[in-house]
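Below is one structure, written out as structure tokens, with a few remarks after it.
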Amino acid sequence: MRRILVVEDEPNLAAGLEMNLSAEGYEVVIAQDGISGLEMFNKIEFDLAILDIMLPGMDGISLCKEIRKSSHLPIIFLTARDGDKDKIQGLSVGADDYITKPFNLEELLHRIASVFRRISWQGAKEEKSDIIRFGDCHLDMQTLEVSGPGGATTISRKEAQVVKYLYERRGQTVSRDSLLDGVWGYNAFPSTRTVDNFILRLRKIFEKDPSKPTVIKSIRGVGYRFDSGDS
């Protein structure tokens, strides 16, 4: 049975989520603030976390950052905020999905199932190809450790999947919509700024001069092309 951590400070919503997710066969653990949510995460093994952003004690963004220090646990943000800036911020700290209140239960269940399907599919592919190398750059899909002209660091799973998606299509022009659909699983976001922000961060690692990219090139009005030079 898959276990889900729900961190939500609205008692009625938390109770409703616990009841409905339990009815779907999930084991549910509820925390009503970010600090207790982090304590639960450190004590219990979970398969997925659903985090509200506006939480007492520690907000959902901070909680996500803490989880990402030690885990690739799938995370879905559940929040009343629906602006592009908030979505991009949530995704940039390592969330796998984002759903706004009020929401339809069927949609949430679909999102949860989609996350689990993508994790299984991507994990199976990554077992066959753990390491991506191009030029002087390196990406480990298991540990998420990367190195390049910008130094060595660890990136989020979504950032790694963006690199992998582009690398597998190197030499081809890939649209922003294609990246959204291929990495996130569906075109859920009204603005392709999500992709652009991810690319800007990745260029700081993989490009000698991020202002004049030679690896992840912009194709005006379309999207991006990955030129690794090792085709």
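Data overview
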| read-out | value |
| --- | --- |
| Residues (among the aliphatic types (A, V, I, L, M), surrounded by 13 or more Cβ atoms within 10 Å (Cβ to Cβ) and farther than 19 Å from residue 115 by Cα) located in region 16-52 | 30, 31, 35, 38, 40 |
| Pair list, Cβ under 6 Å, 6 or more apart: region 44-58 residue free of Cβ contacts under 8 Å to residues at least 60 places away in the same chain, other residue buried (at least 17 other Cβ atoms within 10 Å of the Cβ) and among the small types (Gly, Ala, Ser) | 51/60; 52/60; 53/60; 55/34; 57/34; 58/34 |
| Residue ID - farthest from residue 195 (Cα to Cα), chosen from residues in region 89-114 that are buried (at least 19 other Cβ atoms within 10 Å of the Cβ) and of a type in the set (D, E, K, R) | 111 |
| Residue match in region 168-179 (condition: in contact with a strand residue (DSSP E or B) (Cβ under 6 Å, 6 or more places away or on another chain), under 30 Å from residue 2 (Cα atoms) and at pLDDT below 90) | no |
| Filtered residue count, region 42-84, keeping only those that are aliphatic (A, V, I, L, M) and over 26 Å from residue 141 (Cβ atoms) | 7 |
| Helices (runs of 4 or more DSSP H) wholly inside region 1-116 containing at least 1 residues that are of a type in the set (Val, Ile, Thr) | 34-43, 60-68, 84-92 |
| The listed residue being touching a Ser or Thr at 6+ places or on another chain (Cβ under 9 Å) and at pLDDT below 95, out of 9, 59, 84, 47 | 84 |
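The values are calculated or read from the model by the stated rules, or taken from the named source; none is laboratory data. Just so it is clear, the model here is predicted, and its values are computed rather than measured. Here the Cβ is made from the backbone with ideal geometry for all residues, glycine too, and neighbour counts use every protein chain on show.
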